[in-house]
Amino acid sequence: MTDSPPDLRGRRILLGVCGGIAAYKAADLSRRLIEAGADVQVVMTDNAARFVGAATFQALTGKPVRDSLWDAQAESHMGHIELARWADLILVAPASANTLARLAHGLADDLLATLVLASDRPLAVAPAMNRLMWNAPATQDNLATLRARGVRVLGPGAGFQACGETGEGRMREPSDLRDDVAGLLGPHGPLAGRHAVVTAGPTREPIDPVRFITNRSSGKQGYALARALAQLGARVSLISGPTQLAVPPGCVRIEVETAAQMCAAALDAAASAELFVGTAAVADYRVQDVATDKIKKTGTTMQLALVRNDDILVRVRAARPDLFMVGFAAETENLEAHARDKLARKQLNLIAANRVGPGRAFDVDDNQLSVYWAGGQRELASAPKDVLARELALLIAEHFVTGP
Ligand code: CTP
């Protein structure tokens with residue numbers, strides 16, 4: 001399960017609700033699908049209406065529930081054949097033993113069964129029934145038939161059942177079904193199927209076994225951007241210095257500490273990437289001779305010799321001249337001049353620049369960005385980092401898709 005809803009914006013889900021006590025969970029499921037951005041049309045069977053009211057679904061989805069083939073008003077608005085084609089996915093949850101049998105045998109004796117028969121869209125069912133009904137040979141045969149036709153059977157889970165028994169047959173939890181739906185529909189958006197690498201967070205340069213040099217970067221902007229790129233369909237490798245943040249959905253995290261480790265991981269991931277975004281606050285220098293033992297205090301002053309770290313963006317560009325690359329610039333003054341200098345020097349396609357200083361950008365939730373590219377610029381106004389990340393991800397996708 002993911003820690004936040006997947007992105008189902010623009011996806012159309014026809015949710016078939018059958019009779020059974022789990023019908024009440026279908027209300028929660030429809031709410032979770034809507035929260036994830038999906039457009040949900042509920043179709044109820046007659047038996048479902050005995051367990052939960054159509055008004056509940058109507059209030060949650062903002063759409064009248066469809067429950068009859070013979071509703072002249074609803075049919076004139078969107079006929080059942082049109083409705084069958086409207087959906088990106090038909091999900092029957094809960095799917096009763098009776099409806100599974102009707103679907104397996106191709107009956108068209110109510111609206112839901114007719115829609116399934118009239119649709120060429122992917123069909124998923126989430127069975128919910130008593131454990132004996134689930135294990136009945138007839139039910140298992142029907143499921144085998146449905147599976148053989150490519151129908152996805154989600155669950156059921158095992159556990160306590162409303163009838164007082166314990167066993168297999170519980171409907172999968174609504175949040176799990178929502179995530180299943182996202183998985184079945186697959187990534188979509190302008191970056192669907194593209195591999196993006198994002199570096200994020202600070203690096204730590206050791207001085208001795210207990211001390212290190214680091215900076216104030218929290219990683220929030222980089223993580224928000226990684227999440228936003230994943231929401232646009234990208235498969236994201238997130239190369240991260242030490243942070244307190246959870247891995248965003250759709251991202252695989254590669255944890256590093258030093259700039260040298262981040263550089264090696266970046267070169268490795270970039271080999272198969274199409275998009276590279278450097279948000280990390282990489283230490284420009286590392287300690288020349290890291291002490292193997294804890295350094296003892298001696299004089300009133302001490303000196304550390306530092307050596308330059310490689311610039312990760314420069315190294316990646318040298319290895320991949322064709323890669324679409326985005327950098328960040330944190331500046332206290334002359335924002336545009338410094339940012340454009342880095343854009344050219346690091347041979348980037350885009351650079352996102354922000355002013356830093358006390359109370360600005362590092363470790364705060366709001367930020368603002370000026371984005372520059374050869375021959376253009378765009379201002380992204382002050383906003384929470386996740387909103388800004390979404391806007392920047394869209395801008396990156398726009399430039400990536402249309403080319404430099
Ligand atoms: N960067 C990098 N590797 C480094 C240093 C920086 O990949 N060793 C990347 C950062 O992730 C960011 C961009 O380069 O995308 C700009 O980083 P910044 O530290 O602001 O710029 P510098 O190149 O270090 O320039 P200066 O020190 O002059 O500000």
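Things worth noting here:
- Residues located in the range 262-280, provided they are away from the ligand (no atom under 12 Å from the Cβ) and surrounded by fewer than 19 Cβ atoms within 10 Å (Cβ to Cβ): A264, D268, A271, S272, E274
- Cβ separations smaller than 9 Å between residues 6+ apart or across chains give the following pairs from the range 295-308 residues that are in contact (Cβ under 8 Å) with a residue 40 or more places away in the chain to residues that are of a type in the set (A, V, I, L, M) and loosely packed, with under 10 Cβ neighbours inside 10 Å: I295/M302.
- A single member of R121, R85, R131 is more than 16 Å from I13 (Cβ to Cβ), among the basic types (K, R) and open to solvent by 20 Å² or more (accessible area, probe 1.4 Å), and it is R131.
- Residues in the range 326-340 that are within 8 Å of the ligand (Cβ to nearest atom) and without any contact (Cβ under 8 Å) to a residue 24 or more places away in the chain: H338 alone.
- Verdict on G169 being touching a Phe, Trp or Tyr at 6+ places or on another chain (Cβ under 8 Å) and either assigned to a strand (DSSP E or B) or farther than 18 Å from A22 by Cβ (or both): yes
- Selection of first residues in the range 135-162 that are assigned by TED's automatic domain parsing to the domain that holds G19 and closer than 16 Å to S96 by Cβ and of second residues that are assigned to a loop (DSSP other than H, G, I, E, B) and among the polar types (S, T, N, Q), restricted to Cβ pairs under 7 Å at least 6 apart or on distinct chains, gives the following pairs, ordered by first then second residue: Q161/N130.
- When the criteria are applied in full, L91 fails the requirement of being over 21 Å from R11 (Cβ atoms), among the aliphatic types (A, V, I, L, M) and either at pLDDT below 95 or assigned by TED's automatic domain parsing to the domain that holds R170 (or both).
- Positions within the range 228-269 being under 25 Å from R9 (Cα atoms) and out of contact with any helix residue (DSSP H, G or I) (no Cβ under 7 Å at 6 or more places or on another chain), in sequence order: A230, Q231, G233, A234, R235, A246, V247, V252, R253
- Single residue of T203, T292, T199 found to be more than 15 Å from the ligand (Cβ to nearest atom), touching a residue at least 40 places away in the same chain (Cβ under 8 Å) and hydroxyl-bearing (S, T, Y): T292
- Of all residues in the range 238-261, those satisfying the criterion of being open to solvent by less than 50 Å² (accessible area, probe 1.4 Å), modelled with pLDDT under 95 and part of a loop (DSSP other than H, G, I, E, B) are P248, P249.
The values are calculated or read from the model by the stated rules, or taken from the named source; none is laboratory data. The structure displayed is predicted, hence computed values, not measured ones. With ideal geometry, Cβ positions are generated from the backbone for all residues, glycine too; neighbour counts draw on all protein chains shown. Remember, those area values only see protein heavy atoms, side chains included, never the ligands or the DNA or RNA. Shrake-Rupley method; radii C 1.70, N 1.55, O 1.52, S 1.80 Å.
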